[in-house]
Amino acid sequence: MGKTNEEIIEEMQQVVNQMVIDDLEENPDIAEEFFDCDCCGKNKCLAGSIRYGDYRLCNDCVLLAETGFALGKFTDIQSLMDAMEDSRLEQLCNFIKNEETRKKHLEN
Ligand SMILES: [Zn+2]
């Protein structure tokens, strides 16, 4: 108690940033390794990513998740996944749109 939300968020940012630094120190090669984040759907660097149960989250989403947990916004990862559903769909739509644009480009 006694901590403001801003302080909690700041603390989480430091913790989550540190995860990237630690991961890269442990294995510098993962700076070149990417995966599709189960939460935001973006293709993200493995450094600083975390597995929560069946999901692997990128560092940005880890920050969202951990901040959400710390602030009591979510109690489990599934709640976050549900909350992210919409923006994940948006990502997917953008990806498909980009693919279509590229195809059109090739045809012309
Ligand atoms: Zn993500």
Looking only at region 1-35, how many residues end up being over 20 Å from Arg56 (Cβ atoms) and among the polar types (S, T, N, Q)? 4
Starting from region 43-56, keep only residues that are within 17 Å of Val15 (Cα to Cα) and without any contact (Cβ under 8 Å) to a residue 40 or more places away in the chain, then list their pairs with residues that are acidic (Asp, Glu) and more than 13 Å from the ligand (Cβ to nearest atom) whose Cβ atoms are within a distance under 7 Å, requiring at least 6 positions of separation or different chains. Leu46/Glu33; Ala47/Asp23; Gly48/Asp23
Test result for Ile30, in contact (Cβ under 8 Å) with a residue 24 or more places away in the chain and not in a loop (DSSP other than H, G, I, E, B): no
Take Gly2 and tell me if it is within 12 Å of the ligand (Cβ to nearest atom) and either free of Cβ contacts under 8 Å to residues at least 40 places away in the same chain or in a helix (DSSP H, G or I) (or both). no
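Per-residue answers, yes or no, for (1) within 13 Å of the ligand (Cβ to nearest atom); (2) assigned to a loop (DSSP other than H, G, I, E, B):
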site: Asp23; (1), (2): no, no
site: Gly41; (1), (2): yes, yes
site: Gly48; (1), (2): yes, yes
site: Thr75; (1), (2): no, yes
site: Leu80; (1), (2): yes, no
site: Asp86; (1), (2): no, no
site: Gln91; (1), (2): yes, no
site: Asn98; (1), (2): no, no
Within region 57-69, restricting to residues that are under 16 Å from Gln14 (Cα atoms) and within 9 Å of the ligand (Cβ to nearest atom), the one that is surrounded by the most Cβ atoms within 10 Å (Cβ to Cβ) is Cys61
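Every read-out reported here was derived from the displayed coordinates using simple, explicitly stated rules and does not represent laboratory data. Not measured: the values here are computed from a predicted model. Every residue, glycine as well, gets a Cβ built from its backbone with ideal geometry; the counts of neighbours run over all protein chains shown.
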